[in-house]
Structures are given as C-alpha cells and as structure tokens.
Amino acid sequence: MTVIVTGGAGFIGSNFIFYMLKKYPSYRIICLDKLTYAGNLSTLAPVMDSANFRFVKADICDREAVYKLFEEEHPETVVNFAAESHVDRSIENPGIFLQTNIMGTSVLMDACLRYGIKRFHQVSTDEVYGDLPLDRPDLLFTEETSLHTSSPYSSSKAAADLLVLAYHRTYGLPVSISRCSNNYGPYHFPEKLIPLMIVNALADKPLPVYGKGENVRDWLYVEDHCKAIDLIIHKGREGEVYNIGGHNEMRNIDIVKLICKELGKSENLITYVSDRKGHDMRYAIDPTKIHGELGWLPETRFKDGVKKTVKWYLDNRAWWEPIISGEYKNYYERMYKNR
Ligand code: NAD
Ligand code: TYD
C-alpha cells in the first residue's frame, strides 16, 4: 500500500510517519510537505534513507506538483495533516490559513478524484466545535455537535471539513475525518503551549499565561492520535467523522505549574499576559464513537506523557535550539512584546 502523508515534516505528521513505517514495513510512505516555518526536514532525518520512504517538497495548493506526484506514486491512501495550525498566527494573518487549509484540501481531493483513491483522510480538530462553558462539565463535543468556530484557524478547518463531506456526497470520494483534541509529545513546535513552556523554563525565561490561565484543553499524547488515525484509515467507515480524545481536561495554569515542577523551576517564572482575542474557554471530546466502533482507547496517561515529553526536550536540544534561534525570535517578539 502506498500512503501519501501531507504535512509530514510537522509535529503530528512526523510522529505518524514514524509510527506507520514501524508498524507497516511493507507500506510505501510518501511525505509531501512545503516546509513552512513549522516543517523541519531534520525531524525526518532518521527515516530519510529508508527504502520505502520518499520526501517531496511541495505545496498542497500547487495543483501541478500534486497531480505529478499522484501520477508517479498511485497512492491508495492520502492522510492530510498539512495545514497552518497555530491559532495566534491565524489571528495575525488569516489569508494563508484559508489558502492552505481550504484550497489546499480541495486540490488534494481533486487529485484523488482524478487518479482514484481508496481513502482520503482529513486530519481535523475539535476546535471546529467552538468552545464549551467552564461551569458545564457534563457537556462534551460529540460528532453531532454543530460547528461553531471562533478563530480564523478553526474556521478554515471547519470549511475544509465541510468540503470533504461535500466531495463524498457529490462525487462519491471515499473520505473520513478525525477531529482530535490538543496533542503533545516529541517534535511539537515551541510556539504551542507545552513545548513553549518547557523551552522557556529551561532558559529561566517568563512563562506567558494568557488571561487567568483558566482555559481548559483536553490533552492527548501524539502517539495515541496516530493510533486512532491508523484505525480509521484501515477500519473506519467512509463518509464518517470520528472524534478523538482521552477525557483528559486540564487548565492551562495547572499544566504550566506541572512543567515547572517536572523541571525543578520556580513558579515565579509564570507571567500573566493579556488574553488571546476570542479565546476558546474549554474543549472536551466525547470519544464514544471511535471507542465503540474501532476499539480505540488512549494508552498514555497524561502524567507519564508529560514526563516523557519533558525528557524528550531535555534530550533533544539539537532539534529545538536551532528553531528558536532563527525567524522564531521575530515571531516571539511580535507576539509577546506588548502583552
Ligand atoms: P504543524 O504546524 O506542526 O505542521 C504542519 C505541517 O504542514 C508542517 O510540516 C508544514 O510545513 C506543512 N504545511 C503547511 N502548509 C503547507 C502547504 N501549503 N503544503 C504542504 N505542506 C504544508 O501542525 P500539527 O500540529 O502537526 O498539526 C497537523 C494537523 O493536525 C493539522 O491539520 C491540524 O489542524 C491538526 N490538529 C492538530 C492538533 C494539535 O494539537 N497540534 C490537534 C488536532 C488537530
Ligand atoms: P495552543 O498550544 O496554542 O493550542 P490551542 O490554542 O490550539 O488550544 O494553546 C493552548 C492553550 O494555552 C490555549 O488556551 C492558549 C494558551 N497559551 C498560553 O496561555 N500561553 C502561550 O504562550 C500559548 C502559546 C498558549
């Protein structure tokens, strides 16, 4: 089986490539990635020379390049991770989110229609459901929850989801969609909460907590997400949406304190900064469907996953130090200077 993994030089896509190459040594895995600021070829170095792996630098919006790759590789499956993925950047500059997340997804699906495919899988997010109130812990996102987005990022992901379902209904494209909660683990770009707090704490720099730090996210270890996608592309039903999450809701402030504790750093580093515009309060996934239909359950408990993640950042400075010394510095200045 040949699988095209788009966005495989990013956080979750790279973890998925490692997982698939290990689990299915007979599969051919092709990574298609534009290598934006969030994509790192160094992440894929361990598999770059594998006989059943190929890396192609291309933009999913580039129809000619995408069609050429389909002609060369005849993939049976496409898993689309490629996206602009950071809410804060989408608030700063929505245009590129619409281009990559919506138009890019449609180009990939056009290629699937033209050359034939067994499954197009869209990696989506729980953020398409908007947010839940803090005082209603009984409420969870199910696949039936209506789409109600807050940021340009989540809106672009929701638009892509609708387009994927439209290609299924209108053209019969065999699609599936997964909507996962917040991931954490190795190779997470240090602009997101957990890796940012780890690298700042290691440098004794301020730990910028938005608002009061009371916002809640539902955290899942990245490998558990990869396992869920593996199940969906092999056994999930066509045209279906599957929510992925492990009932692990945490307040941001509690995560930051936990990271301080793991690293033996003082909580005095915590600095409250002005809130994100339109900041979603709480995300919480109901994973009943994927558990019932496909038997998926998360395997890594949060306290173990955080320990593993902190250790990974301690052991892999060579991966993240170059990242935070480049263009990232300008980004950080822009985002955090006047808050
Ligand atoms: P990421 O930002 O770490 O990686 C995105 C990758 O896509 C990068 O390698 C980048 O170079 C590539 N890319 C961006 N634009 C491209 C384009 N036009 N053409 C080709 N490649 C392009 O993102 P991530 O955190 O790994 O997220 C992957 C997917 O999972 C996204 O679709 C995101 O919406 C979804 N998701 C993420 C989370 C999370 O917690 N990180 C949770 C749920 C869903
Ligand atoms: P983030 O990792 O950007 O993921 P998302 O917005 O997609 O959930 O942020 C997770 C939470 O952490 C979110 O509520 C915003 C908050 N946050 C901070 O408090 N400080 C920070 O520096 C960052 C990056 C995020």
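Counting only DSSP H runs of at least 4 residues, each contributing -39500 (n - 2.57), and dividing by the residue count of the chain, the helix-based mean residue ellipticity at 222 nm comes to -12500 deg cm²/dmol.
Karplus-based coupling profile of region 95-104, in residue order and whole Hz: x, 5, 5, 5, 5, 6, 6, 9, 5, x, with θ = phi - 60° in 6.51 cos²θ - 1.76 cosθ + 1.60 and x standing for Gly or Pro. The radius of gyration of the Cα set in the chain, together with its Dmax, comes out at 19.2, 57 angstrom.
Just to be sure I understand: of the beta bridges DSSP finds with both ends in the chain, what percent are antiparallel, rounded to 5? So the antiparallel bridges amount to about 10 percent of the total. In this rough spin-label picture, where each label sits 7 Å from Cα along the Cβ direction, the Leu314-Lys23 distance is 2.9 nm. The H on the amide N of Ile244, modeled in the peptide plane, is under 5 Å from the matching H of Arg179, Cys180, Ser181, each at least 5 residues off or on a different chain.
From most to least packed by mean Cβ count within 10 Å, the peptides 316-322, 70-76, 37-43 give 37-43, 70-76, 316-322.
Ordering Ile255, Ile270 from the fewest to the most neighbouring beta carbons within 10 Å gives Ile270, Ile255.
Under 5 Å between amide hydrogens, built in the peptide plane, is the criterion, and for Thr2 it picks out Arg28, Glu76, Thr77 among residues at least 5 positions away or on other chains.
Cβ-to-Cβ counts within 10 Å put Cys112, Cys226 in ascending order as Cys226, Cys112, the fewest first. Given in Å, the Rg to one decimal and the Dmax to the nearest whole number for the Cα atoms of region 239-317 are 16.4, 49.
Residues whose amide H lies under 5 Å from that of Thr271, counting only those 5 or more places away or on a different chain, are Leu207, Val209; hydrogens are built 1.01 Å from N in the peptide plane.
Ordering Leu35, Leu193, Leu258 from the fewest to the most neighbouring beta carbons within 10 Å gives Leu35, Leu258, Leu193.
Hull volume per residue, based on the alpha-carbon atoms of region 108-213 and their convex hull, is 151 Å³.
Read-outs throughout are calculated quantities, based only on the coordinates presented, and are distinct from any laboratory measurement. Not measured: the values here are computed from a predicted model. Don't worry about glycine lacking a Cβ; one is built from the backbone with ideal geometry, like all the others, and counts go over all protein chains shown.
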